[in-house]
Amino acid sequence: MVRAFDWLLVAGTAILSARLFVTGLHRRYRIFFFYLIFATLHLGALDTVGAKSGAYEKVWVLTEPIEWLFFVLVVLEIYALVLENYRGLSTAGRWALIAAVLVALVASGISLMVPSQLTTQGQLMRYYYVADRAVYFSLVVFLLSILGFLMKYPITLSRNIIVHSMVFSVYFLGNTVLYLLLSMRGKGSLDVVAEACSAITLAAVGAWLVLMNPAGEVRKVSLRPQWMPGREEELVSQLNHLNAALLRVTRK
């Protein structure tokens, strides 16, 4: 049953990447498209060797940092799409995200210096679990900041970008909680966490398949609640001034 579930996940990522290509959305979401190809190969390789195989851990250890890099690039892509008309804000945000991830990884490394009796696994695996949690937490905070920004300012975006941001926010938040559990409880929670991670990933893939489509690229929506005071002109002016200031700074 578990094996069938894992292969269903491989099929889902493969179908989603094929759909992006067929609909032409891969040109708009390039990093996400390449991530899906990587995820299909990555998950397929892990399922082929099997979780009980000695090669499984080696494949996971070698490929997990590549997944971290893809996640950072995907979030940067989302940020660039949200602020494609505000290059100053986009550039500043890009450096802020990179700095946040690096700080989170350093903090994770420092936290591993504290003795722990909650895991029976080796130091390398403990580091990977804590690093996973740090990366996911950094990215979910950044994505939630983007969504908060969109709720404050009257920016109109395609429905696909809004959906994309929300799905990844839920995905990263869920994985942050699961890897927190894994880093604290160790090997005893590994099976439960692995199954939960697969379920979250499959739910995210299903959401992308249902909600991301060419029509969603045409339809424009705004996250700013209608009940908020109508200060659109003032907020747009404020946003333009902030973007211009950051653009001057980043060009120096």
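I'd like the residue in the stretch 45-59 that is open to solvent by 30 Å² or more (accessible area, probe 1.4 Å) and outside any helix (DSSP H, G or I) and, out of all such residues, is nearest to Phe168 (Cα to Cα).
Restricting to residues being open to solvent by 30 Å² or more (accessible area, probe 1.4 Å) and outside any helix (DSSP H, G or I), the top hit is Ala51.
Being in contact (Cβ under 8 Å) with a residue 24 or more places away in the chain and either under 20 Å from Ala199 (Cβ atoms) or part of a helix (DSSP H, G or I) (or both) narrows it down to one residue among His26, His42; which is it?
Within the list His26, His42, the selection yields His42.
Please work out which residue is surrounded by the most Cβ atoms within 10 Å (Cβ to Cβ), limiting yourself to the stretch 132-161 and to residues that are of a type in the set (Val, Ile, Thr) and closer than 29 Å to Thr63 by Cα.
If we take residues in the stretch 132-161 being of a type in the set (Val, Ile, Thr) and closer than 29 Å to Thr63 by Cα, then Val135 is surrounded by the most Cβ atoms within 10 Å (Cβ to Cβ).
Report every pair of residues separated by at least 6 positions or lying on different chains whose Cβ atoms are under 7 Å apart, first residue within the stretch 193-208 and in contact (Cβ under 8 Å) with a residue 60 or more places away in the chain, second of a type in the set (Val, Ile, Thr) and open to solvent by less than 30 Å² (accessible area, probe 1.4 Å).
Val205/Thr13; Trp208/Val167
Of all the residues that make up the stretch 1-23, how many are of a type in the set (A, V, I, L, M), in a helix (DSSP H, G or I) and at pLDDT below 95?
6
Kindly evaluate Thr63 against the criterion of being open to solvent by less than 40 Å² (accessible area, probe 1.4 Å) and in contact (Cβ under 8 Å) with a residue 40 or more places away in the chain.
no
The values are calculated or read from the model by the stated rules, or taken from the named source; none is laboratory data. This structure is a prediction, so every number in the text was calculated from the model and none was measured. All Cβ positions, even for glycine, are placed from backbone atoms using ideal geometry, and neighbour counts span all protein chains on display. Ligands, DNA and RNA are stripped out before the accessible areas are found, and what is left, the full protein with its side chains, is counted by its heavy atoms. Shrake-Rupley method; radii C 1.70, N 1.55, O 1.52, S 1.80 Å.
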